[in-house]
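**Student:** First the structure, then my questions, so here it is.
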């Protein structure tokens, strides 16, 4: 199935570019403070001034990109509100807490990141390191809140998977008893609904996602019960009373009851893919940051030499090697297991076109015994097959990245060579591409859903979309700002007007 065949193609591309530009920048806020704080801790321990200079240079890198990253995040969020208003309304009503908490996480980032940068030698050393640690915690806290919402969209709490012949996937719902009393339970059972038990004044059911998405679509289109799919399962005795009741009123009652029982403040964190997703996202930021720092210091050593640059290269190389191993064999593996278990359509699309033996290997590594092929998935559930190419391109580039770090580590730490080269600048680009492709697999593979099993793309989309040329202009603006930021960072860290050497360049030069 073609990705472009789903509704709102140009608006989806705009959202993709806006969020990805934000993510490109955000990764440095997740990774560079960690490198800076650890380098400062080494300086406090050893009193070797090179480590202090190294920490300051890394801090200069993330302080520049933070403000632009924050602005890009605001623009991306504003775009979500404009282009996907029903999605943001649902999030605001039913899973609001992490979005609210993220405001405080962002405030924590702003306060401590700038305090860390501007308070060198103005605070006691250990206090300054603590400020840096709080800046890092703020960044990770912010990322965790946003990722938790995305996890709910990928696999909401209460998701049940099983044979498609039995109406799966299904969503666990707590339906108020008053609503259940008005419905034809026998008809709903014949449509695939299972009654799981009771909780107070609620009946716990496993509702097929096909029914859930139809009710959600009717609710957000403003239909009454007599106009919706619910009309067919309303008892005759209740029809006169319910005919003109908005479907949204029923949906709100069900969702509020469900969220109340699952946990108003914890519902997004109970997504079955939450933990591996957070670990993988933070790991991606560390990998990209480490390879970027390594390339910067390596290129500095190539152009100007200097022991400080060489120390920075060795330090970030060690970080790059450890983080890429962690990302591939720990968090990456757990992420694959979660996708195979909870997003089986996505996993089947990833493997689409692969040789049978490779499919079996992937399912074995994921620990999933029930083998599902792409052609077994109902048409309306099939994700785009382009993610197959995204995934294996990502894997190939990630392996190349890991091997590069391994070879460089061997040359530097074992052979005591100095492999400084301008070609090192390719590695952070590859790292960013790997990160982008991983994100693309996650998001594109979620189609046709915006919230898996609950809301599809068409329902989430605005009824007043902008023309394609407006999308193109905004996309160009986002990309232009990213390129301008790259140039500004280059000028600040590498050049400085007339003399061609900045303060940061002097710090990495012996």
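**Student:** Given the structure, is residue 170 touching a residue at least 60 places away in the same chain (Cβ under 8 Å) and touching a strand residue (DSSP E or B) at 6+ places or on another chain (Cβ under 9 Å)?
**Tutor:** Numbers: touching a residue at least 60 places away in the same chain (Cβ under 8 Å): yes; touching a strand residue (DSSP E or B) at 6+ places or on another chain (Cβ under 9 Å): yes.
Taking the combined requirement at face value, the residue satisfies it.
**Student:** Right, next: Across the range 231-262, what is the total count of residues that are without any contact (Cβ under 8 Å) to a residue 24 or more places away in the chain and touching a helix residue (DSSP H, G or I) at 6+ places or on another chain (Cβ under 8 Å)?
**Tutor:** Selection size over the range 231-262: 5.
**Student:** If residue 485 satisfies all but one of (1) over 23 Å from residue 297 (Cβ atoms); (2) out of contact with any strand residue (DSSP E or B) (no Cβ under 6 Å at 6 or more places or on another chain); (3) at pLDDT 85 or above, what's the number of the condition it fails?
**Tutor:** If we test residue 485 against (1) over 23 Å from residue 297 (Cβ atoms); (2) out of contact with any strand residue (DSSP E or B) (no Cβ under 6 Å at 6 or more places or on another chain); (3) at pLDDT 85 or above, just (1) comes out false.
**Student:** Only one residue in 5, 15 is within 21 Å of the chain's Cα centre (by Cα) and surrounded by fewer than 24 Cβ atoms within 10 Å (Cβ to Cβ), so which one is that?
**Tutor:** Of 5, 15, the one residue that is within 21 Å of the chain's Cα centre (by Cα) and surrounded by fewer than 24 Cβ atoms within 10 Å (Cβ to Cβ) is 15.
**Student:** For the range 360-397, which residues satisfy the criterion of being under 19 Å from residue 329 (Cβ atoms) and outside any helix (DSSP H, G or I)?
**Tutor:** Within the range 360-397, 367, 368 meet the criteria.
**Student:** Could you tell me how many of the residues in the range 344-364 are more than 23 Å from the chain's Cα centre (by Cα) and more than 25 Å from residue 450 (Cβ to Cβ)?
**Tutor:** Residues that pass the stated criteria total 11.
**Student:** Have a look at 298, 283 and point out the one that is more than 29 Å from the chain's Cα centre (by Cα) and in a helix (DSSP H, G or I).
**Tutor:** None of the other options fit; the residue is 298.
**Student:** Related question: Out of everything in the range 427-471 that is assigned to a helix (DSSP H, G or I) and without any contact (Cβ under 8 Å) to a residue 24 or more places away in the chain, what residue ends up being nearest to residue 21 (Cα to Cα)?
**Tutor:** Among those residues, the one meeting the criterion is 429.
**Student:** Quick one: which residue in 387, 324 is within 19 Å of residue 285 (Cβ to Cβ) and crowded, with 21+ Cβ neighbours inside 10 Å?
**Tutor:** Just one listed residue meets the conditions, 324.
**Student:** Hey, another quick one. Among the residues that make up the range 271-283, is at least one of them more than 30 Å from residue 146 (Cβ to Cβ) and buried (at least 21 other Cβ atoms within 10 Å of the Cβ)? Reasoning before the result, please.
**Tutor:** Here is the first cut: in the range 271-283, the residues more than 30 Å from residue 146 (Cβ to Cβ) are none.
Checking the range 271-283: not a single residue is more than 30 Å from residue 146 (Cβ to Cβ) and buried (at least 21 other Cβ atoms within 10 Å of the Cβ).
**Student:** Also, quick follow-up: Anything in the range 302-345 that is outside any helix (DSSP H, G or I) and under 30 Å from residue 444 (Cβ atoms)? List them, or say none.
**Tutor:** 343
**Student:** Yes or no: the range 131-152 includes at least one residue that is assigned by TED's automatic domain parsing to the domain that holds residue 95, touching a strand residue (DSSP E or B) at 6+ places or on another chain (Cβ under 9 Å) and either crowded, with 19+ Cβ neighbours inside 10 Å or assigned to a helix (DSSP H, G or I) (or both).
**Tutor:** The answer is yes; a qualifying residue exists.
**Student:** Next question, about the same structure. I'd like the full set of residues that are touching a helix residue (DSSP H, G or I) at 6+ places or on another chain (Cβ under 6 Å) and assigned to a helix (DSSP H, G or I), limited to the range 347-359.
**Tutor:** 347, 348, 349, 350
**Student:** I'm trying to understand the selection: among the residues of the range 102-132, which are in contact with a helix residue (DSSP H, G or I) (Cβ under 6 Å, 6 or more places away or on another chain) and in contact (Cβ under 8 Å) with a residue 60 or more places away in the chain?
**Tutor:** Of everything in the range 102-132, those that are in contact with a helix residue (DSSP H, G or I) (Cβ under 6 Å, 6 or more places away or on another chain) and in contact (Cβ under 8 Å) with a residue 60 or more places away in the chain turn out to be 109, 113, 116, 125, 129, 132.
**Student:** When you check residue 273 against the structure, is it assigned by TED's automatic domain parsing to the domain that holds residue 93 and either free of Cβ contacts under 8 Å to residues at least 12 places away in the same chain or out of contact with any strand residue (DSSP E or B) (no Cβ under 6 Å at 6 or more places or on another chain) (or both), yes or no?
**Tutor:** For residue 273, the condition - assigned by TED's automatic domain parsing to the domain that holds residue 93 and either free of Cβ contacts under 8 Å to residues at least 12 places away in the same chain or out of contact with any strand residue (DSSP E or B) (no Cβ under 6 Å at 6 or more places or on another chain) (or both) - is met.
**Student:** Residue 85: surrounded by 20 or more Cβ atoms within 10 Å (Cβ to Cβ), outside the structural domain of residue 219 (by TED's automatic domain parsing) and closer than 30 Å to residue 173 by Cβ, yes or no?
**Tutor:** no
The values are calculated or read from the model by the stated rules, or taken from the named source; none is laboratory data. Worth saying up front: this structure is predicted, and the values here are computed from it rather than measured. No Cβ is skipped: glycine too gets one built from the backbone with ideal geometry, and neighbour counts run over all protein chains shown.
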